[in-house]
Amino acid sequence: MRAVIGYTLALGVVLTGAACSSDGGGAPHAQGEGSPAAASPSPTPPPEHPFTGRPVSARKPVLAVKIENTSAGKPQMGLRSADIVYLEQVEGGLTRIMAIFSSKLPAQVGPVRSARISDLHILPQFGKPALAYSGVQTKMIPFVQKAPLYDVSDSSDPAAYTRVPGRVAPYNLFASPRKLLAHAPQAAKAADIGFTFSDEPPAGGTPQKRVTVRYPAASFVFAWSASEKRWLVTQDGAKDMAAEGGQQGAPTVVIQWVKTDRSQFHDFHGSYTPLVHTVGKGTGVVLRDGQAYRMRWSRPSEKEGTTYTTADGKPMAFARGQVWVVLASRKPVAP
């Protein structure tokens, strides 16, 4: 049986296939003859991390890293440790990743690549985080300098970066997240950006096995793995494997329809740089627990986070763990 949620599928999402899917043991002490036993106080649950919904003892600084996302840069290192993975369109209809780290830091992350103007519109919701990247277009340098972030690029903090043998430049530049954050000791700590988490999935989902998202020059399949409790990623027909082992994937995938325009910037080939609009309102699909949910998103300003709600206006609860935010356009501008 094929279950398809009603969306325009030409350059968007294809949803395929319905899935079949106390005490310590001692006697209580009496308060007095005939008195009821004293009730044990309920334990206070540990606080949740605002990016993953997992227990956390303390909130740590936020580090954003720009990571290559074409076959030339695979396999990527450190991405599985990210709290949030943003997937953005770049020149030529390809994609690049901005990974957000806070609750956990890998030993190395990369390949580290250049930043884009869309990054500067996403990052303000994190306060003043650290941003790791390798170069930007010359005309964009003043925008980076004015942005609310700590620059920990390879030109600002070269000691945090290394060239990995066996990889071809520019796809061989990797960084140490701990060294990067040491260069930005005042980076903002993780705070609420609008995510809601729950152990139980919301009502109203449609069972799905596979969901496809298409960009002008890239395609992604998110396939539900009941054994791993994650949506595993396949890119351009190949499993997206991590350098440290296993396939890339996440318990929650947010497919967020956004407007994409041509920005004022171009790469050295003359291809325009897309500007992805993440402020405003829109619709999309949330994937969790083998189901797809229609959702609405809203982000009033760049300094505020994005709220995700169900069709009836209730908070859209994500599964705990890493979250992929796939910023895609139903009608992308041709590269």
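Computed quantities for the displayed model
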quantity	calculated
Subset of segment 194-209 [touching a Lys or Arg at 6+ places or on another chain (Cβ under 8 Å) and not in a loop (DSSP other than H, G, I, E, B)]	Phe197
Selection status of Leu232, surrounded by 18 or more Cβ atoms within 10 Å (Cβ to Cβ), within 17 Å of the chain's Cα centre (by Cα) and either under 30 Å from Lys60 (Cβ atoms) or hydrophobic (A, V, I, L, M, F, W, C) (or both)	yes
Verdict on Gly53 being surrounded by 11 or more Cβ atoms within 10 Å (Cβ to Cβ), modelled with pLDDT of 60 or more and in a loop (DSSP other than H, G, I, E, B)	yes
Among residues of segment 297-318, those that are of a type in the set (Phe, Trp, Tyr) and surrounded by fewer than 18 Cβ atoms within 10 Å (Cβ to Cβ), counted	0
So Ala191, is it over 20 Å from the mean Cα position of the chain (by Cα) and not basic (Lys, Arg)	no
Search result, residues across segment 244-278 that are under 27 Å from Ser81 (Cα atoms) and either modelled with pLDDT under 90 or surrounded by fewer than 18 Cβ atoms within 10 Å (Cβ to Cβ) (or both)	Glu244, Gly245, Gly246, Gln247, His277
Flag for Ala39 being surrounded by fewer than 19 Cβ atoms within 10 Å (Cβ to Cβ), of a type in the set (Gly, Ala, Ser), over 23 Å from Thr273 (Cβ atoms) and at pLDDT 95 or above	no
Residue list for segment 79-115, filter: in a loop (DSSP other than H, G, I, E, B), of a type in the set (D, E, K, R) and within 20 Å of Ile255 (Cα to Cα)	Asp83
Residue, nearest to Thr252 (Cα to Cα), within segment 210-229, restricted to residues that are part of a loop (DSSP other than H, G, I, E, B) and not hydrophobic (A, V, I, L, M, F, W, C)	Lys229
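The values are calculated or read from the model by the stated rules, or taken from the named source; none is laboratory data. In this text the structure is predicted, and so the values were computed from the model without any measurement. Cβ atoms come from the backbone with ideal geometry, glycine included; neighbour counts cover every protein chain shown.
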